[in-house]
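Chemist: Got a structure here, written out as structure tokens. Questions coming.
Read the figures in this text as sums done on the coordinates, not as results from a lab. Computed from a predicted model, the values in this text were never measured in an experiment. Glycine gets a Cβ as well: all are built from the backbone with ideal geometry, and neighbour counts include every protein chain shown.
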């Protein structure tokens, strides 16, 4: 078995709410491991998916237990990146699409040439080359979503947490994003944790499915996701109607 990338060990957590009538904590000695690859976390609304994502991202602190990330050579602050379902939260509205993707790289002291080369690679991967000079307010919702994700992966974080980040996408745009995310997982070794309520997202992107349920939250299902080669070719091929549709998306 490969070494876990993240280990959630006996975590306890409750949202402090004055109007709460529930005596049970949301998480009570909850444990789960995340290995390299793409893992989808599935569950109904209120099942604790987003809370778990924010615990993994370090945005929430458990009252007991630990959340540990394991990386060869130690962890840097930029190794784990979190993105929510509102793409405008992940871009600068006053910067053009290309500059939005270049900006984090320049802040990390990449050379201008290397930053532009990486940004152009991501523009191509996410099929955004045609809007490189546009501002976020002047592109479509699907293009904005792809810009936000491209920016979040620009410096090759070792782990990416997408918290319902695909929920507002149409089928055509989602096919493009799924293609790009699979390439990042396979080619760049990014560990992807995808929070979703959509089984279709799981089947297109994930290698493993974890389902949550109950109160306190428990893992109700943990299994590999098996995709057939023909299904992958159908979804990810540049000739796919869905992918072609995204390329002709209206601005």
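Chemist: Once you keep just the Cα pairs under 8 angstrom separated by 6 or more residues, what percentage relative contact order results for the stretch 6-247?
Modeler: Working: 429 pairs, mean separation 66.1, N = 242.
It comes to 27 percent, rounded to a whole number.
Chemist: Still on this model: Quick one: which of 108-120, 166-178 comes out on top by average Cβ neighbours within 10 Å, and what's the full order, highest first? Walk me through the numbers on the way to the answer.
Modeler: Numbers: 108-120: 14.7, 166-178: 20.2.
Answer by packing, highest mean first, reads 166-178, 108-120.
Chemist: Return the inverse of the average 1/r over all pairs of distinct C-alpha atoms in the stretch 79-172, which is the Kirkwood hydrodynamic radius, in Å to one decimal.
Modeler: Details: mean 1/r = 0.0759 Å⁻¹.
Its Kirkwood hydrodynamic radius stands at 13.2 Å.
Chemist: Further question on the same structure: Provide, as a two-decimal number, the C-alpha radius of gyration of the stretch 1-152 over 2.2 N^0.38 Å, N being how many residues it has. Can you show the working numbers first?
Modeler: Numbers: Rg = 18.8 Å, N = 152, 2.2 N^0.38 = 14.8 Å.
Here the answer is 1.26, to two decimals.
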